[in-house]
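To start, the structure itself, in structure tokens.
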């Protein structure tokens, strides 16, 4: 995954130490043996008894971070979702899922990470972008791959060395997180092979647990399509995680090749969507809040093609068009809003959008009608008073 | 500039001594640009000399910038950003034709930058700068330090220029402590 193998919160030094990762356990495997293993075949990950060791002290830091994480306002408190994530992790990772503490975090970017102590973070922007359970399983399998290979230890030792050098140069106290990031990035390329290994391990485990392995590569092709709309923005600018990971194109190609002889398997689009349903309103609002409208339009086009019955996806694309405000965007927004109002459960924001466009075109009666529809569907909306003022302004 | 960068800048500025803190008020003062306000108590005005990019808003505080911040924008012209120019700042550009709902979205984006969680609580028409304006309230979870903030803002467009004041402070204690002063500032605001 373009996922960091580590959690990030914490003090300067902790962050500097934590921001990188490698694999000690991986060295214990011959490459031929590795090629056949599944996640479930690996030895259980156990907490080091010697707290004074490198690994023990690092584990203790991570545990302390988890206490902070638990209190974070960004944690999504949805037992149903967390239970589902654990269930999928158990399918792909066997008994290793028992050692995980899973946190879904409200963040519209695409990321997931796992720490040596079993703290698995998955961001809401990633959840929004998964089409089905098989893709989610590919992500969780990748993270579990890092976990069972204990990739964190080598990266921790490497980061520790680098942060020591940074401290000697006076970087860490002054620059804090920034210095930590820069130090970590210096070693990023070293870790890319671990990402390919984790991908391969995940894919084999997907196959072993009955998932459609061809979905794994689609995670990357979908993300590449989103990012391709902005030629000036490299993936690494989207998230620090991409700086430490192989190119999406390479990963997509390898995963496609590894799945080329597979056919069928469980995909689980409906069950995945059912789990995400309670979050969808917030996820879509957060997505618009990124103000990456070009990317949002690509994403919503894909998601609404998969689920054409939904009004919120097409209405969100309409919002992206309207707010972006390029030539012809108003017409595109209008088309999307109208389509959204014709779904079985019309999205309130579609009616608001129609009202706003009509208002800007000075079609007063049509604007008032649309705003009234909006307020009827969303009478307690935060902007209800503002929209009501628009109605009054146009009916005087 | 997201909040993490901003906090880093504040810290770095304080360390090297280039942040100038100046008490302002009570009484009528020039807040920024053409905006005049009347303060019922003194505020601390922060200036960061030599800051690059140049600040686009004034920043005042009662208890320290990491706690409460009153930001004041005045005279923002069409196609100017409400955040300092950075690589991604074009998304934060004000346009003179923006309607209140679009300006709400603009401020939401500005305060949500850097991964903060923003939730609009209420938006309503009001009188600001002796004319029509918008008042809005919001909650925000600040990612950098996980603090739960509350916010109150006013904005209006006059002669194709944006004028706004937005106050944020921790939901517990600090926001309730100062919000009445901020409301008075908003009510008193005029343009020269």
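The values are calculated or read from the model by the stated rules, or taken from the named source; none is laboratory data. A quick note: this is a predicted structure, and the numbers were derived from the prediction, not measured. Here the Cβ positions follow ideal geometry from the backbone for every residue, glycine too, while neighbour counts run over all protein chains shown.
Quick notes on this structure:
- Of all residues in region A:298-321, those being surrounded by fewer than 24 Cβ atoms within 10 Å (Cβ to Cβ) and within 14 Å of chain B (Cβ to nearest Cβ) number 0.
- Any hit, region B:146-154, residues being modelled with pLDDT of 95 or more, touching a helix residue (DSSP H, G or I) at 6+ places or on another chain (Cβ under 6 Å), within 18 Å of residue B:36 (Cβ to Cβ) and not in a loop (DSSP other than H, G, I, E, B): yes
- Any hit, region A:267-282, residues being on the phi > 0 side of the Ramachandran plot and at pLDDT 95 or above: yes
- The number of residues in region B:107-130 being more than 8 Å from chain A (Cβ to nearest Cβ), farther than 23 Å from residue A:74 by Cβ and either in contact with a helix residue (DSSP H, G or I) (Cβ under 8 Å, 6 or more places away or on another chain) or surrounded by fewer than 21 Cβ atoms within 10 Å (Cβ to Cβ) (or both) comes to 4.
- Look at region A:87-111: where a residue is free of Cβ contacts under 8 Å to residues at least 24 places away in the same chain and a partner is in a strand (DSSP E or B), sitting 6+ places away or on another chain with Cβ atoms under 9 Å, you get A:102/A:119; A:102/A:120; A:102/A:121; A:102/A:122.
- Test result for residue B:150, within 14 Å of chain A (Cβ to nearest Cβ), touching a strand residue (DSSP E or B) at 6+ places or on another chain (Cβ under 7 Å) and either within 29 Å of residue A:380 (Cβ to Cβ) or surrounded by fewer than 22 Cβ atoms within 10 Å (Cβ to Cβ) (or both): yes
- Matching residues, region A:372-392, being out of contact with any strand residue (DSSP E or B) (no Cβ under 6 Å at 6 or more places or on another chain) and part of a loop (DSSP other than H, G, I, E, B): A:378, A:379, A:380, A:381
- Residue in region A:360-374 that is within 24 Å of residue B:121 (Cα to Cα) and either within 30 Å of the chain's Cα centre (by Cα) or modelled with pLDDT under 95 (or both) present: no
- Just one of the listed residues (B:166, B:179) is surrounded by 14 or more Cβ atoms within 10 Å (Cβ to Cβ) and either touching a helix residue (DSSP H, G or I) at 6+ places or on another chain (Cβ under 7 Å) or within 28 Å of residue B:93 (Cβ to Cβ) (or both), namely B:166.
- Answer residue from region B:131-143, given it is under 17 Å from the mean Cα position of the chain (by Cα) and buried (at least 18 other Cβ atoms within 10 Å of the Cβ) and is farthest from residue A:383 (Cα to Cα) among those: B:142
- Search result, residues across region A:49-106 that are within 14 Å of chain B (Cβ to nearest Cβ) and in a loop (DSSP other than H, G, I, E, B): A:71, A:72, A:73, A:74, A:76, A:77, A:106
- Any chance residue A:2 is at pLDDT below 50 and surrounded by 15 or more Cβ atoms within 10 Å (Cβ to Cβ): yes
- Test: residue A:379 is within 21 Å of residue A:282 (Cα to Cα), free of Cβ contacts under 8 Å to residues at least 40 places away in the same chain and within 14 Å of another protein chain (Cβ to nearest Cβ): yes
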